[in-house]
1. Taking the structure as given and computing Cα Rg over 2.2 N^0.38 Å, which label from (1) 1.00; (2) 1.31; (3) 1.12 fits?
2. Filter Lys126/Lys176; Lys170/Lys209; Lys151/Lys279 down to the pairs with a C-alpha to C-alpha distance above 25 Å, please.
3. May I ask for the angle, rounded to the nearest 10°, between helix 173-187 and the longest principal axis of the chain, with both axes built from Cα atoms and the value confined to 0 to 90°?
4. If you place +1 on the Cβ of every Lys and Arg and -1 on the Cβ of every Asp and Glu, how big does the dipole about the Cα centre of the chain come out, in debye to the nearest 20?
5. If N is the number of residues in segment 125-287, what value comes out of its Cα radius of gyration divided by 2.2 N^0.38 Å?
6. Which aspartates and glutamates have a Cα less than 12 Å from the Cα of Lys335, not counting those fewer than 8 places away in the same chain?
7. Taking the chain as the reference, fit the longest principal axis to its C-alpha atoms, fit the long axis of helix 213-226 to the helix C-alpha atoms, and give the angle between the two in degrees, 0 to 90, nearest 10.
8. Please sort by residue number the trypsin sites (Lys or Arg not before Pro) in segment 170-230 whose DSSP state is loop and whose Cβ has at most 14 other Cβ atoms within 10 Å.
Amino acid sequence: MKSRNKAVGLGSILTIIIGIGSSAATASGGLTPSAAEHAARSFEFSYRTAITSVPAATKHLEFWLPYPVSDANQEIIDIRVVSPTAAMVYSEPRYGDDALYLSIDNPQPPINVELRFKVRRTEYIKKDFSNLKAGSGPLDPAVEQFLKPDKLVPIDGKVTEWAREVTKGKRTDLEKARAIYDYTVSTMKYDKTGQGWGRGDIYYACDAKRGNCTDFHAVFIGFCRAVGIPARFAIGFPLPDKRGEGEIAGYHCWAEFYLRGYGWVPVDASEASKHPEKKDYFFGAHDENRVQFSWGRDIILRPRQHSGPLNYFIYPLVEADGKTIDTIARELRFKDLSAEESARAF
């Protein structure tokens, strides 16, 4: 995917960027025609961060914050950035993930950076398999990369053995993907107690059989790849079903798998586990109660970070003289738009 970058801020000026989301949506085809038939949700989103302290005598500080883009299922508009110095948006080449980037000499905390935008998120449903035809031929390289292992999701002999056992007797990729989904939902427990959860470590997940969304989807993605089905990881933030406004406690992640001759198919195994009555729904669907920020694992940002690839990219990364620091606070909030506000905005 071609890299790109753009300036988005000047000093401490509140910069309003109108149309970046719209242009990105146009480039990728915008919201699909069928989107009008699906549920949609329009809301404002704010991502506030504060670097509260830095090591003494720090000469240089770098800051990366995930930066959302429009695609077929979400339209991002009216992006506003508040920062103490000029900011840039860089796109990393592997997945096309965007990051807001600041470079600050002789930093003096507190350093506050805020990202605000409006988003119209549309329910993503792709589950009409009635006319599914088996595809053939080589995969596009952009799809084929999602057969490769991640650091914490290796495709080694043991994982392949487990995946083959789960899909035993299944002939088509659709049947295999459904068997893997059913296995993940039925054997994993959504449980964030103790240690080890939340890293998306397939060996931990298969051993403990519990964890959060990263652990659920490590199993689903790893097993799919092990039997030759491309699968990819996405991460963002969830919204409660009830409309209104409030604070968002943390991230949520989900997955997609690829069927030749059909395309990408959405799944959300952890939501299916938490809501068993929606198990069939979440095989082939993502609801509108979310906003996506990035794709993939083992992410190398631009400019390249010193601390090595990120397991996933959803929270800020801060490096002081090339070393990661974690003295950063964050607050995430949403506010649903009324029908009138949404009509005016979108």
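1. Recomputing Cα Rg over 2.2 N^0.38 Å here gives the entry labelled (1).
2. Values: Lys126/Lys176 17 Å; Lys170/Lys209 23 Å; Lys151/Lys279 29 Å.
Where the Cα-Cα span goes over 25 Å, the pairs concerned are Lys151/Lys279.
3. 70
4. Numbers: 46 positive and 44 negative charges, 100 e Å.
Roughly 480 debye, rounded to the nearest 20.
5. Numbers: Rg = 15.5 Å, N = 163, 2.2 N^0.38 = 15.2 Å.
For segment 125-287, the normalised Cα radius of gyration comes out at 1.02.
6. Glu44, Glu245, Glu247
7. The answer is roughly 50 degrees.
8. On the way: sites: Lys170, Arg171, Lys176, Arg178, Lys189, Lys192, Arg199, Lys209, Arg210, Arg225; in loops: Lys170, Arg171, Lys192, Arg199, Lys209.
Those satisfying the criteria are Arg171, Lys192, Lys209.
Bear in mind these aren't lab numbers, they're just calculated from the coordinates by the rules spelled out. Owing to the predicted nature of the structure, the values given are computational and were not obtained by experimental measurement. Heads up, the Cβs are rebuilt from the backbone with ideal geometry, glycines too, and the neighbour counts pull from every protein chain shown.
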